[in-house]
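Read the figures in this text as sums done on the coordinates, not as results from a lab. Since we're looking at a predicted model, the values are computed, not measured. A quick note on method: Cβ atoms are made from the backbone with ideal geometry, for glycine too, and the neighbour counts reach across all protein chains shown.
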Amino acid sequence: MQECVICKAEIKTGAKKCTSCNSFQGPLRRLLAGVDIRSLVALVPIITLAFLFIKDQVVTHKSDLQISILECRQDMVKIVASNLGDRAALLKPKANLFVLLDGKESGDLKSLVRSPTNETPPLVKPDQTIVASYNPILNKRTYTLPKYPQGVSNCQYKIIFDVIAFDHKPSSVEKTCVCPGKS
């Protein structure tokens, strides 16, 4: 025989519960003795807030702007930009363009400016896709980009778009398209 840990009544050796005071005798008795519905209900908001805090600290929030060229003409480059991240990104209204002839840069740096008729805001929100047109502009005048020259086996426009991500770190997205006018 052994004594009950609560009321000191004699119980059989190895008994899990005292018949006198209805208390459990195992190591979990202190935990189970204080557990009731009120304490469980009180723990729900605390556990919820703790979970949200830990999740916010562990998850990395970032913007992920993906750009693809839809159309590449001498007077306009049309793009689609999709933000696959969970924070907004800023697509700058100006892009730089190089002409690549047989893989080598040819000529001066040219500028592409987002079309003023395009009412797309530069801010690309999470899970948002925008379509924007960029026009070659020099000294506030539109000009045309060079055509595919004769005697060249490969002509491409290399376009560099500037992006400012959610974490304020600027980055560049580089895309290429074939020069129009190849016969």
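Data for the structure
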{"read-out": "Out-of-range pairs (alpha-carbon distance over 32 Å; input Lys62/Lys110; Lys55/Lys175; Lys78/Lys104)", "value": "Lys55/Lys175"}
{"read-out": "Three-way shape call for the range 2-58 based on the alpha-carbon gyration tensor, with the a/c threshold at 1.5", "value": "prolate"}
{"read-out": "Spin-label model distance (nm) - Lys62 vs Lys94, 7 Å beyond Cα toward Cβ", "value": "2.8"}
{"read-out": "Charge dipole (debye, nearest 20) of the chain; +1 at Cβ of Lys and Arg, -1 at Cβ of Asp and Glu", "value": "200"}
{"read-out": "Inter-label distance, nm, simple model (7 Å from Cα along the C-beta direction), Val178/Asp36", "value": "7.9"}
{"read-out": "Whole-number D in µm² s⁻¹ for the range 1-122, Kirkwood Cα-pair radius fed into Stokes-Einstein, 10 °C, 1.306 mPa s", "value": "71"}
{"read-out": "Charge dipole (the chain, unit charges on Cβ, about Cα centre) - positive-most of Ser111, Ile54, Ile6", "value": "Ile6"}
{"read-out": "Packing rank of 149-157, 137-145, where each peptide gets the mean count of other beta carbons within 10 Å, highest leading", "value": "149-157, 137-145"}
{"read-out": "The range 2-58, dipole about Cα centre (Lys/Arg Cβ +1, Asp/Glu Cβ -1), debye to the nearest 20", "value": "160"}
{"read-out": "Local electrostatic count at Val163 - Lys and Arg +1, Asp and Glu -1, tallied over other residues with Cβ under 15 Å", "value": "+4"}
{"read-out": "Theoretical FRET efficiency, 1/(1+(r/R0)^6), r = Cβ-Cβ of Lys16 and Leu49, R0 25 Å, to 0.05", "value": "0.10"}
{"read-out": "Contact order normalised by residue count of the chain, Cα under 8 Å, 6+ apart, percent", "value": "19"}
{"read-out": "Gain in span if fully extended, Asp75 to Arg141, counting 0.36 nm per residue against the direct Cα distance", "value": "22.6 nm"}
{"read-out": "Lys/Arg +1, Asp/Glu -1 at C-beta; the chain dipole; positive extreme among Gly181, Ala95, Phe166", "value": "Phe166"}
{"read-out": "Electrostatic dipole magnitude of the range 20-108 [Cβ: Lys, Arg +1; Asp, Glu -1; Cα centre; debye, to 20]", "value": "560"}
{"read-out": "Among 2-13, 104-115, 73-84, the order from most to least packed when residues are scored by Cβ within 10 Å on average", "value": "73-84, 104-115, 2-13"}
{"read-out": "Three principal axis lengths of the range 65-178 [C-alpha, angstrom, descending]", "value": "47, 27, 22"}
{"read-out": "Cα lying deepest toward the dipole's positive end in the chain, options Leu145, Val41, Pro27, charges on Cβ", "value": "Pro27"}
{"read-out": "Length gained when the stretch Asp86-His168 is fully extended (0.36 nm per residue, less Cα-Cα span)", "value": "28.1 nm"}
{"read-out": "Within straight-line cross-link reach of Lys92, aspartates and glutamates at Cα separation under 16 Å, skipping those fewer than 8 residues along the same chain", "value": "Asp64, Glu119, Asp162, Asp167, Glu174"}
